[in-house]
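Reading through the structure tokens given below for one structure.
The values are calculated or read from the model by the stated rules, or taken from the named source; none is laboratory data. Not measured: the values here are computed from a predicted model. As a convention, Cβ positions derive from the backbone with ideal geometry for all residues, glycine included, and neighbour counts pool all protein chains shown.
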Amino acid sequence: MDFNKLSDVMRRLSLEAGDKIMEIYNSPDFEVRTKSDESPVTAADEAADAIISAGLRAAFPDVALITEEQAASHKVQASTFLIVDPLDGTKEFIKRRGDFTVNIAYVVDGVPVRGVVYAPAKERLFYTDASGQSVEETGPFAKDTVGEVEPMSVTTNPDNNALMVVASKSHRDQATDDYIDLYLVKDMKSAGSSLKFCLIATGEADIYPRLGRTMEWDTAAGHAVLTGAGGEVVRFDNHKPLIYGKEGYANPFFIAHAPGVTLQKS
């Protein structure tokens, strides 16, 4: 893989998709439908998917592509693949809360090695550069010219106390709260979609436990960004690395964290 090309293409497509999403987001009204799995879908999901899928297939025709909005792709099995959630946080989008993202990742042998997470309503763009280092670009988000970028790095907290915890806005439950209670917590914040991974990657949070259903397209891009900033994502049950390319692309429960955090067993 040409990682310079990959980084450029993923960045550009995320921005193009983000423009289309915001066009629909800022419209007076948009239709919301329900998919077979009872999750919501909007014209923004589908339009963003069309932009990203066409761009990735044109640039990397020989790489398998898995995307949330194309059910047929969920049957594809490959060791190396691109995986897309064109609009992660559709519920946040529908409620016009802004915590939604465009997610594109590249997985090799079970590991998300490159990714981009773009939150167009918040004007935050996180991605891995050609070397694998995660950066946050601060604007002006021109499609063909990279703006100012800041390298991202997780916090170090060797004492494992005064932790900043980030949790889901839409999927918080008692089991999650019970697990968080095992830690010495300084403060908590909530965030939607894959932004939770990025908040750890920037040092704005230390740990994100997820005790609920997710799919690989929900997590792969954020996982890649967190890894590129020095963080880790592990299974909740045994603390082994979360891997990708599983049959059906469903994830087990997991914990994303800065490496200074000593993980607790539930």
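Key figures for this structure:
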{"read-out": "Single residue of Thr219, Thr227, Thr214 found to be among the polar types (S, T, N, Q), within 23 Å of Thr156 (Cβ to Cβ) and not assigned by TED's automatic domain parsing to the domain that holds Glu137", "value": "Thr227"}
{"read-out": "Pair list, Cβ < 6 Å and 6+ apart or interchain, from region 125-138 residues that are among the aromatic types (Phe, Trp, Tyr) and at pLDDT 95 or above to residues that are surrounded by 19 or more Cβ atoms within 10 Å (Cβ to Cβ) and not in a loop (DSSP other than H, G, I, E, B)", "value": "Phe126/Val117; Phe126/Glu136; Phe126/Cys198; Phe126/Val225; Tyr127/Arg11; Tyr127/Val116"}
{"read-out": "Residue that is farthest from Leu82 (Cα to Cα), among those in region 5-59 that are out of contact with any strand residue (DSSP E or B) (no Cβ under 7 Å at 6 or more places or on another chain) and basic (Lys, Arg)", "value": "Lys20"}
{"read-out": "Matching residues in region 178-234 - criterion: being among the acidic types (Asp, Glu), surrounded by fewer than 24 Cβ atoms within 10 Å (Cβ to Cβ) and part of a loop (DSSP other than H, G, I, E, B)", "value": "Asp181, Glu204"}
{"read-out": "Yes/no for Ala250 being of a type in the set (A, V, I, L, M) and farther than 28 Å from Asp129 by Cβ", "value": "yes"}
{"read-out": "Filter result for Val154 (buried (at least 21 other Cβ atoms within 10 Å of the Cβ), part of a loop (DSSP other than H, G, I, E, B) and aliphatic (A, V, I, L, M))", "value": "yes"}
{"read-out": "Enumeration of residues in region 58-73 that are within 21 Å of Val117 (Cβ to Cβ) and either of a type outside the set (A, V, I, L, M, F, W, C) or in contact with a Gly (Cβ under 7 Å, 6 or more places away or on another chain) (or both)", "value": "Thr67, Glu68, Glu69, Gln70, Ser73"}
{"read-out": "Residues located in region 4-60, provided they are part of a loop (DSSP other than H, G, I, E, B), surrounded by fewer than 17 Cβ atoms within 10 Å (Cβ to Cβ) and not small (Gly, Ala, Ser)", "value": "Asn26, Pro28, Asp29, Phe30, Glu31, Lys35, Asp37, Glu38"}
{"read-out": "Qualifying residue in region 129-147 (condition: among the acidic types (Asp, Glu) and assigned to a strand (DSSP E or B))", "value": "yes"}
{"read-out": "Residues within region 191-219 that are among the hydroxyl-bearing types (Ser, Thr, Tyr) and in contact with a Ser or Thr (Cβ under 6 Å, 6 or more places away or on another chain), tallied", "value": "2"}
{"read-out": "Residue that is of a type in the set (D, E, K, R) and surrounded by 23 or more Cβ atoms within 10 Å (Cβ to Cβ), where the choices are Arg97, Arg114", "value": "Arg114"}
{"read-out": "Every residue from region 178-204 that is of a type in the set (Gly, Ala, Ser) and either in contact with an Asp or Glu (Cβ under 9 Å, 6 or more places away or on another chain) or farther than 25 Å from Val149 by Cα (or both)", "value": "Ser190, Ala191, Gly192, Ser193, Ser194, Ala201"}
{"read-out": "Residue count, region 61-78 (criterion: part of a helix (DSSP H, G or I) and loosely packed, with under 13 Cβ neighbours inside 10 Å)", "value": "3"}
{"read-out": "Glu68 in contact (Cβ under 8 Å) with a residue 60 or more places away in the chain, of a type in the set (D, E, K, R), over 27 Å from Pro241 (Cα atoms) and outside the structural domain of Glu232 (by TED's automatic domain parsing)", "value": "no"}
